[in-house]
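Here is the structure we will look at.
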Amino acid sequence: MQTKVEGIVLSKIPYDERHIIAHLLLRTGRKISVVFYGGRGGGKKQKSSIIELGFMLSVELSQAKTNTEIYHAKEWNMVWHHDMIRNNHSAFYLMCFFLEVINKIAPTENLHDVHEENTEMVGLFTSLSNALVHLERSLKEKSFYSHSHSVVFLTKTLLHLGVFPEREHCTLCGIELQGFNDMYLIPEEGGFACPPCVNQNKSYSVQSGRELWELVGHIAHTKYSELGSLKLEYKSLPRMLFHYFCFQFHFEEKDFKTASMVF
């Protein structure tokens, strides 16, 4: 069994008076459930807790049975933490939204059967860790735009998961979209469509998506660290992309407790 792991705290719930049960997203892009005995802090020495949402921890686990669904932490230390996010309510809500999205789609890791070649979900960890670092940095630099972070995070996550919307060709007729002044995102078809096709298929409920089409293309080909200058003032674009995300994974917006705080 793998006993030493590093992971980002996706969620936590109190357990008895001083303990915590948390979900950690590991570097593999998969998650585990861990009991942290004494993780809430306090006690005779009045220790503070470092098990906070969005913090990254290094954890040594106790040996467990092969069929276990929850692991027990022996020791844990801080790897990375945020300072500014918790002091800005909009940024904190956004972080919670990121964590909830990843928590819903990340598969569970079996630490008794970890293989080095098992890397198909690593993109989830990459997407989330970059999103949190980028969010913290934007607050320090006073360049925080909530909707910009939402679009970048969702675009990068869709890209890593292999469900990035088709944007080169119309998803209905196959014609190249570059020559049109407008195009429409159709979640049911997995991509963008040209105006003639949309006009012929009135059954689709669509919105104009030219700006989103250009934006996701730019984000897909740009490193996370180079997207700090992106400034979106309105929530319509991230909401369209979130609707697309929900359709691909058979969710509804109401399934996400934090969505109403972000959009």
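A few points about this structure:
- Of all residues assigned to region 16-36, none qualifies as being in a strand (DSSP E or B), touching a strand residue (DSSP E or B) at 6+ places or on another chain (Cβ under 9 Å) and loosely packed, with under 13 Cβ neighbours inside 10 Å.
- Residue list for region 134-148, restricted to those being closer than 17 Å to Glu233 by Cβ and not in a helix (DSSP H, G or I): Lys142, Ser143, Phe144, Tyr145
- Answer from Glu100, Glu52, Glu75 - the residue that is among the acidic types (Asp, Glu) and open to solvent by 70 Å² or more (accessible area, probe 1.4 Å): Glu75
- Identity of the residue in region 146-189, farther than 26 Å from Ser127 by Cα and acidic (Asp, Glu), that ends up surrounded by the most Cβ atoms within 10 Å (Cβ to Cβ): Asp182
- Gly123 falls short of the stated requirement of being at positive phi and small (Gly, Ala, Ser).
The values are calculated or read from the model by the stated rules, or taken from the named source; none is laboratory data. Here the structure is a predicted model, which means the values were calculated and not measured. All Cβ positions, even for glycine, are placed from backbone atoms using ideal geometry, and neighbour counts span all protein chains on display. Quick note on the areas: whole protein, heavy atoms, side chains included, nothing else; ligands and nucleic acids left out. Shrake-Rupley method; radii C 1.70, N 1.55, O 1.52, S 1.80 Å.
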